[in-house]
1. Of the residues Ala81, Ala139, Ala69, only one is closer than 13 Å to Tyr48 by Cα and assigned to a loop (DSSP other than H, G, I, E, B); which?
2. Going by what's in this entry, would Thr86 be described as in contact with a Lys or Arg (Cβ under 8 Å, 6 or more places away or on another chain), surrounded by 12 or more Cβ atoms within 10 Å (Cβ to Cβ) and part of a strand (DSSP E or B)?
3. In region 28-52, which residue that is of a type in the set (A, V, I, L, M) and surrounded by fewer than 16 Cβ atoms within 10 Å (Cβ to Cβ) is modelled with the highest pLDDT?
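The values are calculated or read from the model by the stated rules, or taken from the named source; none is laboratory data. All figures in this text were calculated on a predicted structure; none of them were measured in a lab. Reconstructed Cβ throughout: ideal geometry from the backbone, glycine too, with neighbour counts over all protein chains shown.
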Amino acid sequence: MKHNALKRQSGFSLVELSVVIVIIGVLAAFAVPKFRDSVERSKASEAYNYLSAVRTSQERYQSKEGTYATDSTTLDIQIPAPKYFTVGEIAAGVSGSMEDSWKLTLSRKGPSAGYGEYTITFSQDGFVEDESTIKDIPAINPMSQ
């Protein structure tokens, strides 16, 4: 009799396994979107860091040359271009003259965790919210928090 009692108690019942699977599923339903947001936010941060480096380099270039650079290859940027973004062309900013204004837009390339394509624009004054579509996605915008 003792041998049969021990046999019956070993292992998990189907109901117990089902409850554990449901609990794991509920936890994953909350965790996956947060994880996805944090991964995309880190990719966007890479773009912000790059644009900040461009801005700093542009200021050094402007103090030496009297105008902002139109080609990023002439700048002494110390970090590589972002892996997940397409770097646009440097253009004249709000004044229309490279002597005192510039802007540069990065566009998200490839899949972006369900957010679609978005852009980040910087100028001599920093982040240009009006020209950046990332402003519409606060969950991944490092500037929104």
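1. Ala81
2. So Thr86 fits the description; yes.
3. Val39
Okay, residues lined up against (1) under 23 Å from Arg36 (Cα atoms); (2) out of contact with any strand residue (DSSP E or B) (no Cβ under 6 Å at 6 or more places or on another chain); (3) exposed (fewer than 15 other Cβ atoms within 10 Å of the Cβ); (4) of a type in the set (Phe, Trp, Tyr):
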residue	(1), (2), (3), (4)
Ala92	no, yes, no, no
Met98	no, yes, no, no
Leu106	yes, no, no, no
Lys109	yes, no, yes, no
Gly116	yes, yes, yes, no
Val128	no, no, no, no
Thr133	yes, no, no, no
